[in-house]
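Each remark here refers to the structure printed beneath this line.
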Amino acid sequence: MATLKTASDLLILRRFEEALDLCRNELQGIPDNKRNGRLAESLSLVAVQAFAELNRWQEVLPFVQEEFGGLEKIPPRVLQLCIALHAKMCDFAPITMVTEAWLAAPGNQEAEGLTTVAESYIMLVLLPHRKFDDIRALVEGHPIMMKDRREAFLRLVDAEQRSQSCEDQTSSKSEVSANKEQGATYGAIATLVSWMKANMLGTSPSRHVRIAVLLGVIGVVLAVTLRRRKAFLRLLW
């Protein structure tokens with residue numbers, strides 16, 4: 001844990017290359033049979049953040065795939081951060097392939113982080129692209145998602161579809177573009193709320209790492225001001 005604290009401190013001090021090198025070296029010393037532990041996950045979270053700060057975000061997915069021995073073995077919190085990063089960079093194709101493979105893997109159907117990964121994918125990738133049928137299939141096809149959450153997402157999809165229909169009939173092209181940008185920011189806020197509820201309540205030895213990661217996710221949230229954010233947050237909370 002001392003190495004993890006050092007790496008996260010380097011990240012906060014903006015010594016990104018050093019933080020990345022320290023994480024990679026430490027990860028190399030972790031046996032394969034312990035790669036699913038909290039230490040490997042936390043080191044990977046710091047490494048992903050360092051890659052992003054160095055503008056080497058394209059290296060993130062190959063890095064985590066190699067470290068954990070396959071796409072389906074990426075820890076949920078690491079994948080969630082990857083989704084937020086690729087959404088922020090508007091690079092959707094690679095993260096779509098990775099996330100769908102992860103969600104479809106038999107070993108992940110009862111994973112602790114399945115719901116948060118699915119929610120991040122819906123809000124940051126599918127909803128901004130108005131993939132409403134894909135959202136319904138994902139929400140209804142994973143029974144692990146709690147009933148109230150499932151219904152909230154289905155109501156959200158219905159509302160967005162009605163909004164799109166009105167836009168098609170009455171809005172100008174500039175208004176449609178503005179609303180699409182709003183949709184992307186809805187996703188960032190929903191993911192942030194879910195992530196905070198799942199990860200920021202309580203304490204643990206790696207809490208300082210999660211705070212650093214949270215700062216990266218917040219960057220997605222500040223894109224534009226939302227007209228309906230209070231109602232939306234009440235729906236998801």
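The values are calculated or read from the model by the stated rules, or taken from the named source; none is laboratory data. All values reported here derive from a predicted model rather than from experimental measurement. Cβ sites come from the backbone with ideal geometry, for glycine too, and all protein chains shown count toward neighbours. The protein model used for the area step is the full one, side chains on, heavy atoms only, and it has no ligands, DNA or RNA in it. Shrake-Rupley method; radii C 1.70, N 1.55, O 1.52, S 1.80 Å.
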Quote the FRET efficiency, to the nearest 0.05, computed for D9 versus R150 with a Förster distance R0 of 35 Å and r equal to the Cβ-Cβ distance.
0.30
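Pop the C-beta distance of R24 and M97 into the FRET formula with R0 = 25 Å and round what comes out to the nearest 0.05. Don't skip to the answer; put the middle values down first.
Working: r = 24 Å, r/R0 = 0.97.
Plugging the Cβ-Cβ distance into 1/(1 + (r/R0)^6) gives 0.55.
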How much accessible surface does E53 have with a 1.4 Å probe, in Å² rounded to 10?
80 Å²
With all protein chains in place and a 1.4 Å probe, T115 shows an accessible area in Å² (nearest 10) of 30 Å²
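Got a sec? What order do M123, M89, M97 fall in by accessible area at 1.4 Å, biggest, i.e. largest, first? Present the calculation step by step, with values, prior to reporting the outcome.
Numbers: M123 0, M89 80, M97 120 Å².
Most to least solvent-accessible, the answer reads M97, M89, M123.
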Given labels modelled 7 Å from the Cα in the Cβ direction, how far is it in nm from E112 to K34?
1.8 nm
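What ranking of D133, D9 comes out by heavy-atom accessible area, probe 1.4 Å, highest first?
Working: D133 115, D9 60 Å².
Correct descending sequence by accessible area is D133, D9.
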